[in-house]
Every structure is written in structure tokens, then in C-alpha cells.
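Enquirer: Take a look at this one; I'll ask things after.
The values are calculated or read from the model by the stated rules, or taken from the named source; none is laboratory data. Given the structure is predicted, the values throughout are model-derived calculations rather than measurements. Don't worry about glycine lacking a Cβ; one is built from the backbone with ideal geometry, like all the others, and counts go over all protein chains shown.
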Amino acid sequence: MPADEKVLALCQRLKQGGYMIALDNFGPNDPREALVPLADFIKIDIKKVLPTENTALIAACAKQKCQMLAKKVETSQDLAMAKKAGFTVFQGYFFRHIEHLRARHIPANQTTYLRLLQAIAKPEVDFTEIEGLIKHEPSLCYRLLRYLNSPLLGLSTPVLSIRHAFNVLGERELVRWIRMASTLAMGQEKCSDLVLSSLVRARFCELIAPKLKQRQTELYLMGLLSLMDAILEVPIGVVIEGLPLDQVTKEQLLCGKTDKRTALSPVYDLMMAREAGDWGKVTKLGKELSLSLVFIAASYNEAMRWAHQLTEAGHPQPAQ
């Protein structure tokens with residue numbers, strides 16, 4: 001978009017209205033230089049701009065108090081180079097995909113959470129089993145009791161035991177709470193973007209499931225587990241081993257990063273395309289799945305709102 005007088009005037013109006021402005025794919029001798037004083041972010045593709053040019057651009061834009069964002073950060077070397085050049089904000093798939101996944105065992109402190117996910121995925125939920133697992137994880141036990149005794153729920157009597165907590169929540173909300181709390185706990189030492197994205201994916205899939213006549217639990221877990229390899233730093237095959245997922249969901253999680261196709265591939269692809277902002281692919285897949293763009297947009301926005309509430313509050317809220 002050319003930085004002509006009309007565009008400049010529109011950007012000034014947006015700025016006065018409280019909007020933040022980013023200049024994307026900025027480069028040396030960029031024709032949009034007149035917009036730099038209005039920009040909050042300058043986004044530079046580090047794969048296209050030489051390191052020496054980056055340094056000069058950063059020096060020039062820093063005078064305008066812009067935040068410099070490095071795009072296409074895909075390796076640890078990219079991140080180190082971008083930091084050295086002076087970038088302060090970073091974007092790229094390095095933050096989503098682990099470079100080396102050689103581990104063959106899930107870290108010991110994470111096994112309880114995966115066992116909980118396994119327990120609540122069974123057709124018949126065993127409350128005694130779940131109670132035992134929660135009791136062996138003090139932080140999760142504390143989080144559950146803190147949640148139930150918070151002013152948000154406004155209960156008239158305090159909840160002092162796990163069994164009482166189960167009776168207060170009921171099976172549906174208990175299962176939902178364990179999913180959320182386990183995901184947050186497993187990702188507490190990882191980049192918050194990974195945890196947020198896994199929750200957004202899970203909720204988005206759950207919301208569109210009724211329209212697709214799919215079970216909400218399976219689609220929710222597909223979205224939730226799709227980033228668990230990066231969160232736990234183990235291969236996805238190790239993550240889902242032993243989990244009572246249906247065969248198609250397992251196959252899709254294993255095929256998610258390959259070209260192999262399953263019956264759930266259109267749903268998985270829609271989830272990924274909407275996350276990436278690939279609107280052409282979203283439109284195509286929406287037609288294939290008979291989902292309107294309005295419905296897709298509303299579902300994704302609701303998933304984003306819900307996931308942000310969870311991660312900001314530090315513990316799950318009841319679903320609306």
C-alpha cells in the first residue's frame with residue numbers, strides 16, 4: 001500500500017483512535033518511510049534483509065521509538081542473530097517446533113498430567129482413579145481447591161476435599177477443568193504462546209464439532225495435543241502412546257506434520273489455516289466442510305477470548 005496522503009491521513013485517524021500500527025515486510029529504501037513516525041512496530045523479514053541492512057534499519061527506526069520485530073525466526077541461530085542485530089520482538093515457527101526431539105520418555109513430572117488426560121478420556125470416568133492422581137500432584141490439588149473457593153464461584157460453603165470438589169463441579173465441568181489445568185501445568189515452563197495456541201486450537205475444534213457431526217471430545221483433544229510434542233519436547237508418538245484416543249484422531253496427530261491424509265485432515269487443516277491467517281485456504285476448507293466464514297470467524301474469536309481468559313487468570317473458568 002503506497003504511503004500517499006490518503007493513506008497517511010487514514011493512519012493518523014487510526015492512531016488517534018487508539019489503534020496500533022505495524023509496517024509489514026519493511027526493507028531498505030522502503031517507499032512507506034513516511035509512515036514510520038506513526039508505526040508502533042516495524043516488521044522485517046530476516047530471510048530477505050541482510051544483517052548489515054538490519055542494523056542500519058534498526059538504527060534509523062529506533063529514533064522514532066518503534067519496536068523492531070524480526071520475522072521468519074525459524075532456528076536458534078536466527079534468534080541469536082536477530083537479538084544481536086537489535087530486534088526486541090520475534091516471530092516465527094522456531095517458537096512452535098522443537099529442532100531436536102530425541103527424547104523417548106515423557107519427563108517424570110509430566111506423567112501425572114498425561115495420565116489424568118488419559119483417565120478423563122475413558123468412556124466411563126473413574127472418580128477414584130482421578131482423585132488418586134490429583135492427590136499425588138500437590139500443585140494441581142491446590143489449584144483445584146483454590147479455584148472452587150474463589151469469589152468467582154461464590155459458593156456458600158468452603159470446599160475442603162477432592163471428593164467434595166467433584167460433587168460441586170459435576171463430571172462435565174470436572175473433565176473440562178482437568179483438561180485445562182493439566183495443559184497449563186505442562187506448559188508452565190514453556191513459551192506461553194505454545195500453551196495459549198494449544199488451548200485456542202482445542203476450543204476452536206470443540207466449537208465447530210457439532211456442525212461437523214463429530215464428537216467434541218475427540219476434536220478438542222486433537223487440537224489440544226497438536227502442540228504437546230513442542231510443549232513436552234518429545235515426539236508426538238510418545239505423547240499419544242497409551243492415550244485412549246480413537247484411531248482416526250491418533251492417525252491425524254501422527255500425520256499432522258506430513259502430507260498423509262485422514263478423515264480429519266480437512267478439520268486439522270482448517271485449524272492450522274485459520275491460525276496462520278491463510279484466508280484463501282480458510283475459504284476453501286470452509287466450503288468443503290460446509291462451514292460459513294462468519295461461523296468460522298466467530299468460533300475462532302470465541303476460542304481466542306476463552307484461551308486468553310484461562311492463561312491470564314492462571315486457572316480455568318467455566319465454559320460459557
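Enquirer: Do the conditions hold for Ala319, that is, is it hydrophobic (A, V, I, L, M, F, W, C) and at pLDDT 85 or above?
Expert: On the way: hydrophobic (A, V, I, L, M, F, W, C): yes; at pLDDT 85 or above: no.
No.
Enquirer: What are the residue pairs meeting all of these: first residue in the stretch 285-302, first residue of a type in the set (Gly, Ala, Ser), second residue surrounded by 12 or more Cβ atoms within 10 Å (Cβ to Cβ), Cβ atoms under 6 Å, and 6 or more apart or on different chains?
Expert: Gly286/Leu293; Gly286/Ile296; Ser299/Phe204; Ser299/Leu207; Ser299/Ile208
Enquirer: Evaluate the following for Ala82: is it part of a helix (DSSP H, G or I), among the small types (Gly, Ala, Ser), modelled with pLDDT under 90 and in contact with a strand residue (DSSP E or B) (Cβ under 8 Å, 6 or more places away or on another chain)?
Expert: On the way: part of a helix (DSSP H, G or I): yes; among the small types (Gly, Ala, Ser): yes; modelled with pLDDT under 90: yes; in contact with a strand residue (DSSP E or B) (Cβ under 8 Å, 6 or more places away or on another chain): yes.
So Ala82 passes the test.
Enquirer: How about the stretch 241-252: which of its residues are in contact with a helix residue (DSSP H, G or I) (Cβ under 7 Å, 6 or more places away or on another chain), more than 14 Å from Gln214 (Cα to Cα) and either small (Gly, Ala, Ser) or at pLDDT 80 or above (or both)?
Expert: Gly242, Lys250, Gln252 - these are the residues of the stretch 241-252 that are in contact with a helix residue (DSSP H, G or I) (Cβ under 7 Å, 6 or more places away or on another chain), more than 14 Å from Gln214 (Cα to Cα) and either small (Gly, Ala, Ser) or at pLDDT 80 or above (or both).
Enquirer: Considering only residues that are crowded, with 17+ Cβ neighbours inside 10 Å, modelled with pLDDT of 80 or more and small (Gly, Ala, Ser), which ones fall in the stretch 253-266?
Expert: Correct list: Ser265 only.
Enquirer: Has the stretch 226-244 got any residue that is over 26 Å from Ala181 (Cβ atoms) and surrounded by fewer than 19 Cβ atoms within 10 Å (Cβ to Cβ)? Working first, answer last.
Expert: At the first step, the residues of the stretch 226-244 found to be over 26 Å from Ala181 (Cβ atoms) are none.
Scanning the stretch 226-244 turns up no residue that is over 26 Å from Ala181 (Cβ atoms) and surrounded by fewer than 19 Cβ atoms within 10 Å (Cβ to Cβ).
Enquirer: Also: Given the criterion under 12 Å from Gly86 (Cβ atoms) and touching a residue at least 40 places away in the same chain (Cβ under 8 Å), identify the matching residue among Leu57, Leu69. Talk me through it step by step, then tell me what you get.
Expert: Numbers: Leu57 fails: touching a residue at least 40 places away in the same chain (Cβ under 8 Å).
Matching residue, one of Leu57, Leu69: Leu69.
Enquirer: Examine the stretch 9-19 for a residue that is aromatic (Phe, Trp, Tyr), within 29 Å of Tyr93 (Cα to Cα) and touching a Leu at 6+ places or on another chain (Cβ under 7 Å), and state whether such a residue exists.
Expert: Pass one, the stretch 9-19, residues aromatic (Phe, Trp, Tyr): 19.
Narrowing further to those that are within 29 Å of Tyr93 (Cα to Cα): 19.
Adding the requirement that they be touching a Leu at 6+ places or on another chain (Cβ under 7 Å) leaves none.
Looking through the stretch 9-19, none of the residues is aromatic (Phe, Trp, Tyr), within 29 Å of Tyr93 (Cα to Cα) and touching a Leu at 6+ places or on another chain (Cβ under 7 Å).
Enquirer: Separate question: Looking only at the stretch 201-213, decide whether some residue is touching a Phe, Trp or Tyr at 6+ places or on another chain (Cβ under 9 Å), under 23 Å from Glu171 (Cα atoms), aliphatic (A, V, I, L, M) and modelled with pLDDT under 90.
Expert: yes
Enquirer: Identify, please: which residue in the stretch 158-175 is over 13 Å from Tyr147 (Cα atoms) and under 26 Å from the mean Cα position of the chain (by Cα) and is, among those, surrounded by the most Cβ atoms within 10 Å (Cβ to Cβ)?
Expert: Val175
Enquirer: Same structure, new question: Name every residue in the stretch 257-284 that is closer than 26 Å to Gly237 by Cβ and among the aliphatic types (A, V, I, L, M), in order of residue number.
Expert: Matches in the stretch 257-284: Ala263, Leu264, Val267, Leu270, Met271, Met272, Ala273, Ala276.
Enquirer: Which residues, taken from the stretch 2-36, are on the phi < 0 side of the Ramachandran plot, in contact (Cβ under 8 Å) with a residue 12 or more places away in the chain, not charged (D, E, K, R) and not in a helix (DSSP H, G or I)?
Expert: The initial filter retains those residues of the stretch 2-36 that are on the phi < 0 side of the Ramachandran plot, namely 2-17, 19-24, 26-28, 30-36.
Keeping just the survivors that are in contact (Cβ under 8 Å) with a residue 12 or more places away in the chain gives 2-3, 7-8, 11-12, 15, 20-24, 26-28, 31-36.
Filter once more, keeping what is not charged (D, E, K, R): 2-3, 7-8, 11-12, 20-23, 26-28, 31, 34-36.
Hits for the stretch 2-36 are Pro2, Ala3, Met20, Ile21, Ala22, Leu23, Phe26, Gly27, Pro28, Pro31.
Enquirer: Hey, another quick one. Which count do you get for residues in the stretch 120-141 that are assigned to a loop (DSSP other than H, G, I, E, B) and at pLDDT 75 or above?
Expert: Taking the stretch 120-141 first, the residues assigned to a loop (DSSP other than H, G, I, E, B) are 121-126, 136-137.
This time we only want the ones that are at pLDDT 75 or above, so: 124-126.
Here the count works out to 3.
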